[in-house]
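The values are calculated or read from the model by the stated rules, or taken from the named source; none is laboratory data. No experiment lies behind these values; they were computed from the predicted model shown. Positions of Cβ are backbone-derived with ideal geometry, glycine not excepted, and every protein chain shown enters the neighbour counts.
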Amino acid sequence: MARKLSGKVVLATHNSGKLKEMRELMAPHGVDVISAGELGLPEPEENGATFEANAKIKAEAAAKAANLPAFADDSGLAVEALNGAPGIYSARWAGSSKNFSRAMRIVEEKLHEANAKTPAQRKAAFISALCVAWPDGETVSFEGRVDGTLVWPPRGTAGFGYDPMFLPDGKTKTFGEMTPEEKHGLPPHGEGLSHRARAFLKLAEACLA
């Protein structure tokens, strides 16, 4: 059985969008989330080969540096027609300036090169791995996934990253057009739709009161 989280927990991120989303998910559980960015912690080199490996690298580094329990998300967009790319390199496609308008254009250009024009040829999934680490070295990981189709042009200004071009299966709004509650609200108010929400539900069951 995994250990429980309470009190103050470090989220190993410098991404304000990810911090906002995770604070909203953690709030009902009485956990105070502070980010690695707010603590001025350095970003470790993410040299893992999987989302889970990179989440573990970030969580372990933050737990050790802050001497507090820490958790990290490593997530990205996996596009079928691009053999799973950008995958673990999703953030890097946005460059050092985190320009996701540029990253979405690159995805669209590569889909065009692959002659992927119909919805069936533009299938993709958002995948999230969440890892919790304690200062003594114990870790536990969880994964969530949501499948969908990539649209062009991007729609909506909510969310972050590739959200405006991702249309979840069975929905009429992209992640970029959804309210926070629609995208990652948890039951009973939401359906826990996003990849991060699905991973978080597993984390909550194991590690939160």
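Structural remarks
- Any hit, region 99-122, residues being among the charged types (D, E, K, R), touching a Ser or Thr at 6+ places or on another chain (Cβ under 9 Å) and closer than 24 Å to T157 by Cα: yes
- Unique residue being touching a residue at least 40 places away in the same chain (Cβ under 8 Å), of a type in the set (G, A, S) and touching a Leu at 6+ places or on another chain (Cβ under 7 Å) when the list is A103, A199, A125, A129: A199
- Looking across region 132-167, the residues that are without any contact (Cβ under 8 Å) to a residue 60 or more places away in the chain and of a type in the set (S, T, Y) come down to T149, T157.
- Strands (runs of 3 or more DSSP E) completely within region 97-179 that count 3 or more residues being small (G, A, S) and within 18 Å of the chain's Cα centre (by Cα): 123-133, 139-150
- Qualifying residue in region 147-155 (condition: at pLDDT below 95 and hydrophobic (A, V, I, L, M, F, W, C)): no
- Failed condition for K110, given (1) under 19 Å from Y162 (Cβ atoms); (2) surrounded by 17 or more Cβ atoms within 10 Å (Cβ to Cβ): (2)
Here's the yes/no breakdown for (1) closer than 19 Å to G17 by Cβ; (2) surrounded by fewer than 15 Cβ atoms within 10 Å (Cβ to Cβ):
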residue	(1), (2)
D136	no, yes
E143	no, no
D147	no, no
R155	yes, no
H184	yes, no
P188	no, yes
G192	yes, no
A199	yes, no
L208	no, no
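- One residue alone among A103, A85 is touching a helix residue (DSSP H, G or I) at 6+ places or on another chain (Cβ under 6 Å) and modelled with pLDDT of 90 or more, and that residue is A103.
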